[in-house]
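The values are calculated or read from the model by the stated rules, or taken from the named source; none is laboratory data. Remember, it's a predicted structure, so these values are computed and weren't measured experimentally. Note that we place each Cβ from the backbone using ideal geometry, even for glycine, and neighbour counts take in every protein chain shown. Just so you know, the surface numbers come from the protein's heavy atoms only, side chains and all, with ligands and any DNA or RNA stripped out. Shrake-Rupley method; radii C 1.70, N 1.55, O 1.52, S 1.80 Å.
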Amino acid sequence: MTATQERTEEQDLPYNVFARLCPSRGTLEHVTGRWGALALGALHQGSLRFNELRRRVDGVSEKMLSQTLQALERDGLVHREAQPTNPPRVDYELTPLGREVAGRLLDLIHCVEDRMDEVLAAREAYDARRA
């Protein structure tokens, strides 16, 4: 495929993440950001309460997790269910769309984890060249 054909094909897409104003960019950022990716990966295992999710995603602040979950809920990836109990109980789970996105994201996560020895060796070689 030529570069012209690729550009034409990109222009024919209803959404193009490479276009500055495309709304898919925001969703991509929510999904691939550090906390979004980890929250989606953790929720792929099943429904979790807020504090369970916070413990699972080690290092995230309460505020950041709350903002992340709100963005993912707005994008239709996460469902929030508040139970009218005392104290209130809030559960989070993936929507069907969120499950599909999280599955693909977990493939990437597992690929990175599986290749970390190579990544660490590359970092070491890079740092040695730069020193």
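Per residue, the accessible area of the chain comes to 74 Å², computed with a 1.4 Å probe over protein heavy atoms only. By accessible area, using a 1.4 Å probe on protein heavy atoms only, the stretch 17-59 has 51% of its surface on carbon and sulfur. Label-to-label distance for E113 and Q70 is 3.0 nm, based on points extended 7 Å past Cα in the beta-carbon direction. Largest first, the residues V31, V112 sort by 1.4 Å accessible area into V112, V31. Summing +1 for each Lys or Arg and -1 for each Asp or Glu among the other residues whose beta-carbon sits under 15 angstrom from that of Y92 gives +1. The simple Förster model, with R0 at 35 Å and r as the Cβ-Cβ distance, assigns E29 and N86 a FRET efficiency of 0.45. One decimal place: the segment R49-A131 gains 24.8 nm when fully extended, by the rule 0.36 nm per residue minus the C-alpha distance. Counting only Cβ charges, +1 for Lys and Arg and -1 for Asp and Glu, the dipole size of the chain around its Cα centre is about 500 debye.
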